[in-house]
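One structure is given below, encoded as structure tokens.
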Amino acid sequence: MIVTMDDDVAVPMRDGVRLATTVWRPAGTGAFPALLVRTPYGKDGIGLYGNSKAPDVLALLRAGYAVVAQDVRGTSRSPGVLVPHAAEADDGADTIAWLAAQPWCDGRIGTWGGSYQGMAQWHAAAAAPPALLAMAPLMASADPYRAPWYSPGGALCLDTFVTWASRVALAAVRRASPADEGTAARLTSAPLDRLPVADRPDLRDHLPWAADVLDHPSRDEWWRAGTPAEHFGAITAPALNVGGWYDPFLAGTIDSYVGMRLHGGSPDARDGQRLVIGPWGHADGADLGEFPDRSFGREGGVQAADLTEAHLRFFDRWVRGRRDALDDAAPVRIFVMGIDRWRDEADWPLPGTRHVDYFLTSGGRAGTTGTDGALLTTVPEDDGRDSVVHDPLDPVPTLGGPVIPGPGAWAGPADQRPVRDRPDVLCFTTPALDAAVEVTGHVRLVLHVSSSAVDTDLTGKLVDVHPDGRAILLCEGISRARYRSGLDEPAPLRPDELVELVVDLSATSNVFLPGHRIGLEVASSNFPRYDRNTGTGRAVAFDGEDDVVVAVNTVHHGPSRPSRLVLPVVDR
């Protein structure tokens, strides 16, 4: 097809900085609606996408949309300094206003893009630019603390944070000093197990924002001031939210959908929310439906979801105003694992969801080979307890799950058997199921715990135990004990004090088939998915190897201390 391209247009921001922007327009005269993506990964080439779940640009152009790609401030061809999140509200709003004023644009704007590109959309939308009519954040979050940098439980998402920040810092080095191979090599080879976590001088020098992240481990005013989720009421644009069951942004994707449904700034913003979740990880290659330990078949691949068509219909409805564009489209579309098929739903959480308690019990051997840990749907008759020794220098290794893939590591539904026999992992399972049980929604783990340390972590993993023994990870989470009263209210434990911790295990959709067992794994580390709690009660990022405290953590269960896994069960 024939298109008109204007490359490296210098779009002025309110402070005088001009950001490099490329505009593609369909051939012909007249004005077009425009779809904008703002990226830190380079607008030329793969940076335009940043994620294989993004729509086909040529299809957008063929449908009569102008497509606009911009390098965010301080990246690639745009001048300035990148401070993640800091300028995206103003720069996004200024760019949208500039686009709406161009003679080739009809004044109607939508935005799209994945990962940081999606977070940039939320920042811009919170500034309420009048021309913004719709947005499509893919694998993104409107609350950067809860996802992806920290977590709903307050632990640093170490793998995601260090991997992404090092990539951005490396781009800054190559941009400023292309010949500085030494710094580039250190940034690309820095080990995740280095202590203190904050001992990363190259990262601090070339991306000072990374130091700020580590200096603010609580969800304090520094985080809240720049969080779009605090301003959902100002956002009037509907959003197409796309996520993956094994994506580190999953909680943020779902929370954005639910938050906008409840608090969006207009009826269209509230009623026009859409949610699509597939069996995917964050990176390219983690969205094919095929993983080393689990296959979801062709239906699980991103191509089967036809996200380009989903984008086109969504933008046709809300940018072009075609009221029939989404007439036969459900608000929620999810891939249900276990039965491995797509299903439409009316809302999230799913209507008719029942929250069923599965109580933890054992004879004290949940952390041994041949575990006697069990999950019961009735309150156990006897009180009991199981203990683990948490050694921060010997953490439970991450296997699959919502991570950023690296050497020797991959995201997705990994078999957890290699860690289940560790003495610092407690395993609880149901008997083999006689009938299928569907679990779709947010999963919570309520634990009654005590610790010998003044601070510690409790982790949980929901697994599908197959008849062949595979324990396939579905979802996981962590709770840092100091934040048991709130992410902005850190408080130490008293050694051996009994407290209740709620571990947010994020969300999943899985049918446990007959013959399978519902499994739960409880530990005190999941590294490098999360940083290791050093047990001192101080800022974890600044503790070294000589500071770490080995903790004895005890999970209490039974009628007087009802530790339980809370599953969202649906009948379909």
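Quick notes
- Span from the the range 162-178 Cα centroid across to the the range 95-139 one, whole angstrom: 26 Å
- Accessible surface of HIS355 - all protein chains present, 1.4 Å probe, nearest 10 Å²: 130 Å²
- Calculated from backbone phi, Karplus (6.51, -1.76, 1.60) coupling profile of the range 128-136 in Hz, x at Gly/Pro: 6, x, x, 7, 6, 10, 6, 9, 9
- For the range 20-26, the Karplus equation 6.51 cos²θ - 1.76 cosθ + 1.60, evaluated at θ = phi - 60°, returns couplings of 5, 9, 10, 10, 10, 10, x Hz by residue, with Gly and Pro reported as x.
- Computed packing ranks the peptides 260-268, 89-97 as 89-97, 260-268, most packed first, by mean other Cβ atoms within 10 Å.
- Spin-label proximity, ASP284 to the range 168-212 - amide N less than 20 Å from point 7 Å beyond Cα toward beta carbon: 168-172
- Computed with a 1.4 Å probe over protein heavy atoms only, the accessible surface of the range 311-351 comes to 45 Å² per residue.
- Solvent-accessible area of ARG417 with every protein chain in place, 1.4 Å probe, in Å² to the nearest 10: 110 Å²
- Summed side-chain charge close to THR160 - residues other than THR160 whose Cβ falls under 13 Å, Lys, Arg +1, Asp, Glu -1: 0
- Full extension of the chain between TRP104 and ARG174 gives 21.6 nm of extra length, using 0.36 nm per residue less the Cα-Cα distance.
- With a simple spin-label model that places each label point 7 Å from the Cα along the Cα-to-Cβ direction, the separation between ALA185 and THR377 comes to 6.1 nm.
- Between HIS355 and ARG341, the contour length at 0.36 nm per residue exceeds the Cα-Cα span by 2.7 nm.
- Binning all Cα-Cα separations of the range 371-449 at 10 Å, short to long from zero, yields these whole-percent fractions: 12, 35, 39, 13, 1.
- Share of pairwise Cα separations in the range 92-169, more than 15 Å, in percent: 61 percent
- Counted charge near SER141, where neighbours are those whose Cβ lies closer than 11 Å (Asp, Glu -1; Lys, Arg +1): -2
- The HN-Hα couplings worked out from phi for the range 485-490 by the Karplus form 6.51 cos²θ - 1.76 cosθ + 1.60 (θ = phi - 60°) are 9, x, 5, 10, 10, x Hz, whole numbers, x standing for Gly and Pro.
- Computed E for SER485/ALA225 - FRET, C-beta separation, R0 25 angstrom, nearest 0.05: 0.70
- Compactness index (Cα Rg / 2.2 N^0.38 Å), the range 24-84: 1.23
- Cα shape, the range 319-443, gyration tensor, a/c 1.5 rule: oblate
- Shape of the range 415-572, Cα gyration tensor, a/c cut at 1.5: prolate
- Förster-model FRET efficiency, 41 Å R0, THR368 and HIS263, C-beta, rounded to 0.05: 0.30
- Kirkwood-type radius of the range 220-259, with distances r between different C-alpha atoms, in Å: 11.4 Å
- Tensor-based shape of the range 124-228 (alpha-carbon gyration tensor, a/c under 1.5 rounded, otherwise prolate or oblate): oblate
- Cα pair distances exceeding 14 angstrom across the range 148-188, given as percent: 51 percent
- Length added when fully stretched, ASP328-ASP44, from 0.36 nm per residue minus Cα-Cα: 98.7 nm
- Derived from the Cα gyration tensor, the three semi-axes of the equivalent ellipsoid of the range 56-196 are 31, 19, 13 Å, largest first.
- For THR536, residues with placed amide H under 5 Å, excluding near neighbours: VAL549
- Dipole magnitude for the chain: about 1080 debye, using +1 per Lys or Arg Cβ and -1 per Asp or Glu Cβ, origin at the Cα centre.
- Using the Cα coordinates of the chain, the gyration tensor eigenvalues translate into equivalent-ellipsoid semi-axes of 41, 28, 20 Å, sorted from longest to shortest.
- Carbon plus sulfur fraction of accessible area for the chain, probe 1.4 Å, in percent: 51 percent
- Peptides ranked, highest mean first, by Cβ atoms within 10 Å: ranges 292-299, 310-317, 225-232, 73-80: 310-317, 73-80, 225-232, 292-299
- Estimated FRET transfer efficiency (LEU393, ASP468; beta-carbon r; R0 41 Å; 0.05): 0.75
The values are calculated or read from the model by the stated rules, or taken from the named source; none is laboratory data. Because the structure is predicted, anything quoted here is derived from the model rather than measured. Backbone-built Cβ (ideal geometry, glycine too); neighbour counts: all protein chains shown. Accessible surface areas use protein heavy atoms only, side chains included; no ligands, DNA or RNA. Shrake-Rupley method; radii C 1.70, N 1.55, O 1.52, S 1.80 Å.
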